[in-house]
C-alpha cells in the first residue's frame, strides 16, 4: 500500500493541530514538534501534516507572503461520521464556505470550510445516504 502525506504550511502548528483534531473528532494530543505535526487517524494513518512556515528552508514553505495559502489546493476528506463532523465544523468556524449538499459526482453529502490559515477544506460522507438532508433550511421546513 502506498500513501501520500499532504503537508501544508501553517502559522501555528500546535493551534492548527488542535483545530484539525477537533474537526475530525480525534483525541487531543500535542504535535511532535512546534514546527511539525502529523494529524493521525485512530488507526495511525497520516491524515495531514502541518509544517511551520519558514522552518527548514523548504522552497515552497518559506513564507505565506509569497503566495496565497491554499492556492490550487483543495483538502478533501472522506469521513464515516458526516453528521457529527458537521456539528464539529460549525463549532470551529463562524460560517461554512459551502453548506451541506449532495455532490452529483460522488452522490455523497459534503460541506466546505476554511481552516485557521485559510485553506479550503471539504468534508465528504464516506458513503451515500439517500434520505440525508443537511441543508441550512432543514429545521425551518420541519418547524
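What to note about this one:
- Size check on the range 18-74: the Cα extents along the three principal axes, sorted descending, read 34, 24, 17 Å.
- Packing around the peptides 93-106, 112-125, 26-39, taken as the average count of other Cβ atoms within 10 Å per residue, puts them in this order, highest first: 112-125, 26-39, 93-106.
- Summary of packing: across the peptides 44-54, 8-18, the per-residue average of other C-beta atoms within 10 Å ranks them, highest first, as 8-18, 44-54.
- For the chain, the mean projected area of the C-alpha convex hull, equal to one quarter of the hull surface, is 10.1 nm².
Laboratory data are not the source of any read-out in this text; all were calculated from the coordinates shown. The shown structure was predicted, so the numbers you read here are calculated from the model rather than taken from an experiment. Because the Cβ atoms are built from the backbone with ideal geometry, glycine has one as well, and the counts that use them run over all protein chains shown.
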